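What follows is a single structure, written as structure tokens, with notes after it.
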Amino acid sequence: MISRFLKVIPPILFLIIVQLHSLLALQNDSLQSLLKNKLSNNAFQKEAEVIEYLDITNKLYTKSPTDALFYVNALDKKLESEEILNGKAYVLSTKGSFYWLQGIYDSSLQAYFEALNLFEKEGNSEEIIKTLNNIGETYKKQKDYTQSARFIKMALSKMHEDDAPSRELILVNLGQLFMLKQNYDSANYYLNQILNKDSISTKSRGFTYLYKGIINRNEGQYDSAKYYFQQSLNNWDILKYRRGTIESKVEIAKIHFHQNNFTLANENLKEAERLALRINALDLLLNVYQSKIDILKIVGSKDSLVFYFDKFLGIKDSIYNSESRAEINKLSVQYNLVQKDKERYKLALEQSELSNKIEKRTQFIVLLIFVLILALVLILYLRNKSVQLKNAHLKLKQQKEEIEDKQKKISSKSLALAKVNKELHNLNNNLEQRVLDRTRKLNERNRQIAEFTFYNSHKLRAPVANVLGLINVMELTKDGKIDPILINHLKTSAMELDKVIFNLKNLLELDEEIDEQ
């Protein structure tokens with residue numbers, strides 16, 4: 001029964017592992033689908049949208065670092081192409097952290113510096129401090145301790161006193177940096193600042209005591225070093241931080257080695273070896289075996305020395321292989337990123353070609369619409385022109401009719417004028433004859449006037465004078481008798497006067513006839 005049960009267990013475990021793997025794959029696909037959806041549909045105009053997107057990439061990183069880094073880069077390129085600044089600094093900071101975790105420190109530094117520049121423009125002091133510290137830690141990984149110290153100091157100078165946890169962590173990092181540079185005065189300066197605080201975290205206190213112990217041991221102050229190492233062990237026991245315990249045990253063993261107390265040194269190294277094997281801390285185990293070899297070179301058998309030397313080489317080879325695998329993983333990540341970028345570039349190229357086609361079609365449609373509008377405007381213009389021409393034609397027709405009427409009137413007036421001209425011509429032709437006739441008549445009349453004047457002055461005057469003379473004679477007669485001779489003379493003068501009057505009458509009648517002519 002038990003044997004059957006044991007036969008059933010492996011397949012069940014296999015199924016459970018397969019199901020768990022499937023669930024993780026589904027979750028991974030689900031996160032990627034969510035990121036793709038947000039990348040396609042979100043405008044990312046608000047900083048909160050960017051931070052929400054980056055939170056999802058952080059979840060994806062624990063399952064697929066390459067995909068997480070790809071989606072962060074995709075968002076970075078989208079923000080850059082659309083010239084969006086909201087949240088871009090957080091994108092660069094996250095990208096720097098992902099590169100750092102993959103061991104791609106140059107790319108990490110580039111991303112951190114770009115993020116720092118944007119955070120400084122925004123005046124985001126909290127993120128400026130974090131980014132400066134991250135840059136310092138990255139330089140520490142590259143073993144550029146001078147630059148690391150510079151940026152961690154800059155982060156420290158921008159912090160407030162009330163930000164205790166972050167401040168003490170930066171002080172610890174500075175203490176470690178100056179310790180590695182063997183600048184022990186500066187290291188003690190920063191480490192003492194932590195110990196002088198009223199309340200500090202247990203982990204910060206543990207590292208502070210550890211680094212203080214290493215400094216004192218390197219300066220030959222073994223008692224002080226033992227004290228600090230023991231204090232660090234007490235803090236690691238509280239935290240149950242095994243890596244810290246291993247480091248402190250190895251450092252205590254080194255003190256006993258310098259004091260030629262090889263038994264206590266071996267005891268501490270055995271304890272450190274046991275803990276290192278338990279947590280599989282190969283880098284710390286290498287330090288343990290190196291210290292064991294140093295002791296065995298002085299005291300111990302050749303076999304023991306060979307034994308630990310073989311272990312040391314085995315661990316070193318293992319670490320070398322681990323480092324090689326890490327380098328391969330780093331190259332693999334870079335290769336995957338390149339492949340992702342190629343796929344994205346291909347997709348972008350296809351989208352660009354599609355956009356160009358759409359743009360060309362749009363341009364054609366716009367051109368066609370423009371031509372249609374132009375044709376419509378031309379038709380309307382021609383139609384309007386046709387109406388204007390028609391109206392002008394009608395107006396011209398009316399004007400023509402009016403002109404024809406006026407021409408008829410002018411023609412009739414011209415005929416009348418011609419008739420008048422003819423009459424005038426005739427009159428002009430007869431004018432000379434008429435002038436001669438008139439002159440002749442006037443001369444005749446002048447003659448008659450002269451004759452009349454003559455009659456008036458001579459012929460009419462003589463009878464009248466005779467009559468008057470006779471009357472005067474009659475008045476002079478004294479006896480009042482009238483002489484018959486005078487009567488005859490008076491009668492004769494009266495008859496002459498009558499004759500003259502008759503002639504004058506004929507002369508006047510002739511004058512009237514001349515006037516009538």
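The values are calculated or read from the model by the stated rules, or taken from the named source; none is laboratory data. Bear in mind the structure is a predicted one, so any value in this text is a computation, not a measurement. Every residue, glycine among them, receives a Cβ derived from its backbone with ideal geometry; neighbour counts consider all protein chains shown.
Of the helices (runs of 4 or more DSSP H) lying entirely inside the range 222-308, none contains at least 3 residues that are more than 13 Å from Leu210 (Cα to Cα) and hydroxyl-bearing (Ser, Thr, Tyr).
Being surrounded by 12 or more Cβ atoms within 10 Å (Cβ to Cβ), assigned to a helix (DSSP H, G or I) and modelled with pLDDT of 75 or more narrows it down to one of Leu490, Leu507, so name that one. Don't jump to the end; show me each part of the working.
Values: Leu507 fails: modelled with pLDDT of 75 or more.
Step by step, each of Leu490, Leu507 is checked, and only Leu490 is surrounded by 12 or more Cβ atoms within 10 Å (Cβ to Cβ), assigned to a helix (DSSP H, G or I) and modelled with pLDDT of 75 or more.
Looking at Ser166, Ser81, Ser97, just one residue is within 26 Å of Leu210 (Cα to Cα) and among the hydroxyl-bearing types (Ser, Thr, Tyr), and that residue is Ser166.
One residue is enough: does the range 190-205 have a residue meeting the conditions of a type in the set (Gly, Ala, Ser) and at pLDDT 90 or above? Quick ask: steps written out before the conclusion?
Just the residues of the range 190-205 that are of a type in the set (Gly, Ala, Ser), to begin with: 199, 201, 204.
Cutting the leftovers down to at pLDDT 90 or above gives us none.
No, that holds for no residue.
Considering only residues in the range 236-250 that are over 18 Å from Asn266 (Cα atoms) and among the charged types (D, E, K, R), the one that is surrounded by the fewest Cβ atoms within 10 Å (Cβ to Cβ) turns out to be Lys240. Determine if the range 259-268 includes at least one residue that is more than 60 Å from the chain's Cα centre (by Cα), buried (at least 20 other Cβ atoms within 10 Å of the Cβ) and of a type in the set (Phe, Trp, Tyr). Scanning the range 259-268 turns up no residue that is more than 60 Å from the chain's Cα centre (by Cα), buried (at least 20 other Cβ atoms within 10 Å of the Cβ) and of a type in the set (Phe, Trp, Tyr). For the range 186-229, a residue qualifies if it is crowded, with 18+ Cβ neighbours inside 10 Å and β-branched (Val, Ile, Thr), and the qualifying residues are Ile194, Ile200, Thr208, Ile214, Ile215.
Taken across the range 42-60, residues that are farther than 18 Å from Gln351 by Cα and basic (Lys, Arg) do occur, with at least one present. The set of residues in the range 286-306 that are crowded, with 20+ Cβ neighbours inside 10 Å and more than 12 Å from Ala253 (Cα to Cα) contains only Leu296.
Every residue, every condition in (1) free of Cβ contacts under 8 Å to residues at least 12 places away in the same chain; (2) more than 24 Å from the chain's Cα centre (by Cα); (3) surrounded by 21 or more Cβ atoms within 10 Å (Cβ to Cβ), yes or no:
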| site | (1), (2), (3) |
| --- | --- |
| Leu39 | no, no, no |
| Glu49 | no, no, no |
| Lys59 | no, yes, no |
| Lys63 | no, yes, no |
| Leu75 | no, no, yes |
| Tyr99 | no, yes, yes |
| Asp106 | yes, yes, no |
| Glu122 | no, no, no |
| Ser148 | no, yes, yes |
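Suppose we keep only residues that are in a helix (DSSP H, G or I), surrounded by fewer than 19 Cβ atoms within 10 Å (Cβ to Cβ) and within 42 Å of the chain's Cα centre (by Cα) within the range 155-173. Which one would you say is modelled with the highest pLDDT? By that ranking, first place goes to Ser157.
Annotation note: of Arg438, Arg445, the sole residue that is assigned by TED's automatic domain parsing to the domain that holds Val500, free of Cβ contacts under 8 Å to residues at least 40 places away in the same chain and of a type in the set (D, E, K, R) is Arg438.
Taking the condition of being within 14 Å of Ser232 (Cα to Cα) and among the polar types (S, T, N, Q), how many residues in the range 181-208 meet it? The qualifying residues number 4.
The listed residues are Ile482, Ile501, and the only one of them that is surrounded by fewer than 15 Cβ atoms within 10 Å (Cβ to Cβ) and at pLDDT 75 or above turns out to be Ile501. Are any residues in the range 35-52 of a type in the set (A, V, I, L, M, F, W, C) and farther than 15 Å from Tyr90 by Cβ, and if so, which ones? Matches in the range 35-52: Leu35, Leu39, Ala43.
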